[in-house]
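Step one of this worksheet: look at the structure below.
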Amino acid sequence: MFKKLNQTLITKYPLIWNLKYIWILLAAISINIIAFINGFLFFSKRNQLQESRLFDGFTEGGTFVNYIFASIIIIIIWLYFYIKNNRFKSFYPTSRNYLFKEFLALFFLFFVFLYIPNSFKLGIKYRVANTISNEQYFKDIDIINRAQAFTLQPNFGYNNSSRNLAVPVFDSLVSEKETKQLFEQNFIAYKKQYPKAEKHFIEPYFRNPEFEILLEKHFPQRKNYQPSGFTTNHVRLNEKDPNDYDSYVAPNSYATEYVGGYIPPVEEKADSVKEYYHLESLYNYSRLAFENKNDTAKNHAYYDKELITLLQKNDRKAIETLLVDYTKLLDKNEIGYEFKKSTWLNYIPQYPYYFIDYQLGKNNSYPNGEIEKDYINQSSLNEVYNNFEKAKFQSSWLENIEYYMMFAIGFAVFLVTFRFSSFKVWLISIVGAGILSILGSVLGLGISSVFNYNNYTPYIILILFYILFIVIMSSGLRTKQYKLITGVNLNWFVATNIFIGIVLLGFYTDIRADMLYDPTSKISIYQLREENAELRLLKQIADIFIYVNPILYIISFYFIINLYKNWQAMPEE
């Protein structure tokens, strides 16, 4: 059967036979299937779902080494049979279409080999996704979203600027008018310091930092007993030291860094009360832990409304039922929690203030093993359902595909240049590329030392080399002289084409960033790149171009083939 198949390929599909394509492609696909099964078996314990890098098991566990080793052995064996026959070098009549198909076949083959990490990840995701039904997943995240506020961990969303609803007991103390007036005063000072920055008044008004500043004066005796930073010293909210820059927020400063956070402590007299005020403790709102892909109406505003209603009714039985459902999720996913000092319900604040004086974050234990305080390991439960969400709704089919295509083109070009040019020319091209890299670095250092460092130097050197390759190659092909030098520059031109478009786009972006940058604005160039509309557009174009670039290169290679055919027709030296 194999002999007959081989004969059919020779007579009807010479390219496939010459490439030994069926066998090498079957080997590449088989390794991907093995990687998928390996990934499927990699997830074997429920507690693995608590790992934030669960889907990176291919690289984290060193598994990739085995696949690289196996792939290299297979490719070396295949290369031995592939390079024995070369129609082009043997001057056998070969059309441009034939050579282009050979390049495409090599590109696809290397792409399949490079796709192995994705196959491994798809195996993990397939098993994780089928660990829980969609119906159960949506039911569980609904419980998590509703219980977020009661886990009392400020790192998961306790800040005034994130809430959606008014709370009259607080908001009635500060009017929108006075909040806006203070915002305008602060904004004038802010614009003087950052002329090109943009700040807008946030709706609803209580989300603005000025609201927090104005609200402070209404709670001079509000205490919070959480230690501050690395010290046990605390400070009264209205007794900040105006001479201490780090602990003082001037009335007209734009103090966004203090919004929702504690006021840094200052030293107090020995006889003073050690306490400080924490505006986050005025609110008990949850962030939206998980978006409901099945019901978009269940958004952040929806859960805030549900929470406020629950707290206003002060239905402790309903709250307790919710907490029981949450602890069942903790048990099901083997996640720790403990309530020895009190019950969870006793930590829940009551209407109308929702003060938070205790945090149920996971805590370290004493040396004797006793837990320091009651806790809930909320972050681990959220990580479990983050992994479920990634497995179910975030596809890995196209993940990193742009880089796989670029590397596949690189490997294909490496092999094709060997096939299309003589071994001597190819070897000089490889060695010469290394020498040029060293010369380019030395030249760059020389330019930097003479003209001071210039961000454009690497771009300019590479572009000059690229132009030089084109000039020498074109001159040789036109005059039909210096075949060796022409062939080497042709190979360098073909290789540089892979990334020259990305380089030119990066060069233009850096030029525009420097032109738009104003050193007196006190805005860093990195911040400018994030805020400026033109630079953001260029970044979006660059993100798209990295996907388009491999396709453009493949199209251009169809026309490059004629350059090799013309080079081959040059007389030998």
Considering only protein heavy atoms and a probe of 1.4 Å, how much of the accessible area of the stretch 14-53 is carbon and sulfur, as a whole percent?
72
Over the residues of the stretch 4-142, compute the C-alpha Rg and express it relative to 2.2 N^0.38 Å.
1.44
Hey, rough spin-label estimate for Asn566 and Phe64, points 7 angstrom out along Cα→Cβ, what's it come to in nanometres?
4.1
With a point put 7 Å past each Cα toward its Cβ, work out how far Phe393 is from Lys539 in nm, to one decimal.
2.5
Taking R0 as 51 Å and r as the Cβ-Cβ distance between Lys192 and Asn346, the FRET efficiency 1/(1 + (r/R0)^6), rounded to the nearest 0.05, comes to 0.50
Place a +1 charge on the Cβ of each Lys and Arg in the stretch 421-572 and a -1 charge on the Cβ of each Asp and Glu, then give the dipole magnitude about the Cα centre in debye, rounded to the nearest 20.
580
Once the cut-off is 23 Å, how many percent of the Cα-Cα pairs in the stretch 421-572 end up in the long-distance tail?
51
Computed over the stretch 1-131, the relative contact order (Cα-Cα under 8 Å, seq sep at least six) in percent reads 50
So Asn6 and Asn294, fully extended at 0.36 nm per residue minus their Cα-Cα distance, gain in nm 98.4 nm
Paramagnetic reach from Ile202 (point 7 Å along Cα→Cβ, amide N under 19 Å) across the stretch 531-555:
531
In nm, what is the difference between 0.36 nm times the number of residues separating Ile83 and Ser441 and their Cα-Cα distance?
125.4 nm
Just the number please: accessible area per residue for the stretch 1-131, 1.4 Å probe, all protein chains included, in Å².
56
Modelled label-to-label distance, Ile76 and Thr131, 7 Å Cα→beta-carbon offset: nm?
3.9
Potential lengthening between Leu516 and Glu176 on full extension [0.36 nm per residue; Cα-Cα distance subtracted]
118.7 nm
By per-residue mean of other Cβ atoms within 10 Å, what is the highest-first order of 472-478, 121-127?
121-127, 472-478
Take the cross-link list Lys313/Lys341; Lys139/Lys293; Lys45/Lys392; Lys45/Lys332 and give me the ones stretching past 20 Å between alpha-carbons.
Lys313/Lys341
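The values are calculated or read from the model by the stated rules, or taken from the named source; none is laboratory data. Being a predicted model, the structure only gives us computed values, none of them experimental. Glycine gets a Cβ as well: all are built from the backbone with ideal geometry, and neighbour counts include every protein chain shown. We work out accessible area using only protein heavy atoms, side chains counted, and drop any ligands, DNA or RNA first. Shrake-Rupley method; radii C 1.70, N 1.55, O 1.52, S 1.80 Å.
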